[in-house]
Amino acid sequence: MSSLWEYANPRKFMATSGALLPWVSGLAVLCLVGGLFWGFFLTPDDFRQGSTVKIIYLHVPAAIMAINVWLMMLVASLIWLIRRHHVSALAAKAAAPVGAVFTAIALFTGAVWGQPMWGTWWEWDPRLTSFLILFLFYLGYIAMWEAVENPDAAADLTTVLCLVGSVFAVISRYALLFWNQGLHQGASLSMDAEQNVADVFWYPLVTCIAGFFLLFLALVLYRTRTEIRARRLRALLAQERTA
Amino acid sequence: MPDLGRYATEVLTAYGVSIVALAALVWLSVRQARRVRRRLEDVEARRRAPG
């Protein structure tokens, strides 16, 4: 049986990701377009929220992925820190812009939904505030990779930032349990059927979550391949300069 | 097109902005990938060339 660590080899990673990418991308488009079409065109309005309920097909998947992308970056960064595998550091770097866009979508769609439902675009509620801080951490993480010239030093420093930011990723997820206050309601998805959204909303919502996850996977594979090529390019140019 | 009632602006804005953001992310990733790949191929071809 092959080991997971084989994929730390850039050549092996390129071969495997190259074979996977068309399938993952195709599935991502299928789930995302299908889920959004289903949610937008084929589901009824909610008796309290009216047509704004259709925003959950964007807001909930984007918010779930925003937190989980950061946790994926944490795992990849820790692998870099402990085992010094470049591919894992580059995967964390590749994931950050995707996570930042998901966080921005969650914040924006939340504000657009909040205005008619809560009567305000924004409230310094624990979940909203921790989400905004998480977004700022994403921007800081991306900026740090760009600002530090030595890639290994950048990977070390961004790992530390990732560790600190993880506190806010966890707070974003559990803010309601920790403080039990604020405007934001509880989870829309739950293992408890009593707390779950109705089936008519649940099936397209799960399809959209799968679509966001697959889009993330496809983009991370694609962007990590670009980072591996960029790293090789830098190495070749450095060799030429010293030759 | 479903009847979105009095919240049509909010729903359409949320969908419009989100789809544009996702499309921009994909487009920028593809553009960057093509640029890096082309530069790498140029450098590798230069190194393979005799002399």
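Look through A:3, A:17, A:77, A:51 and report the one residue that is among the polar types (S, T, N, Q) and under 21 Å from residue B:26 (Cα atoms).
A:17
Pick out the one residue from B:22, B:40 that is part of a helix (DSSP H, G or I) and over 18 Å from residue A:35 (Cβ atoms).
Residue meeting the stated conditions: B:40.
Do we find that residue A:109 is modelled with pLDDT of 95 or more and either in contact with a Gly (Cβ under 9 Å, 6 or more places away or on another chain) or in a helix (DSSP H, G or I) (or both) in this structure?
When the stated conditions are applied, residue A:109 passes them.
Mind checking whether some residue in the stretch B:4-15 is surrounded by 11 or more Cβ atoms within 10 Å (Cβ to Cβ), farther than 21 Å from residue A:105 by Cα, at the interface with chain A (Cβ under 7 Å from one of its Cβ atoms) and more than 13 Å from the chain's Cα centre (by Cα)?
yes
What is the one condition in (1) away from chain B (no Cβ under 11 Å); (2) more than 18 Å from the chain's Cα centre (by Cα); (3) surrounded by fewer than 23 Cβ atoms within 10 Å (Cβ to Cβ); (4) not aliphatic (A, V, I, L, M) that residue A:80 does not satisfy?
Result: residue A:80 passes all but (3).
Restricting attention to the stretch B:31-51, and to residues there that are surrounded by 14 or more Cβ atoms within 10 Å (Cβ to Cβ) and within 16 Å of residue A:224 (Cα to Cα), which single residue is farthest from the chain's Cα centre (by Cα)?
B:40
Give me the pairs, please: first residue somewhere in the stretch A:210-233 and more than 10 Å from every other protein chain (Cβ to nearest Cβ), second residue anywhere and of a type in the set (D, E, K, R) and surrounded by 22 or more Cβ atoms within 10 Å (Cβ to Cβ), beta-carbon distance under 9 Å, and either six or more positions apart or on two chains.
Filtered contacts from the stretch A:210-233: A:224/A:93.
Between a first residue in the stretch A:44-69 that is touching a residue at least 24 places away in the same chain (Cβ under 8 Å) and a second residue that is assigned to a strand (DSSP E or B) and not aromatic (Phe, Trp, Tyr), which pairs have beta carbons less than 7 Å apart while being 6 or more apart in sequence or on different chains?
If the second residue must be assigned to a strand (DSSP E or B) and not aromatic (Phe, Trp, Tyr), the pairs left are A:53/A:46.
The values are calculated or read from the model by the stated rules, or taken from the named source; none is laboratory data. Computed from a predicted structure; not experimentally measured. A quick note on method: Cβ atoms are made from the backbone with ideal geometry, for glycine too, and the neighbour counts reach across all protein chains shown.
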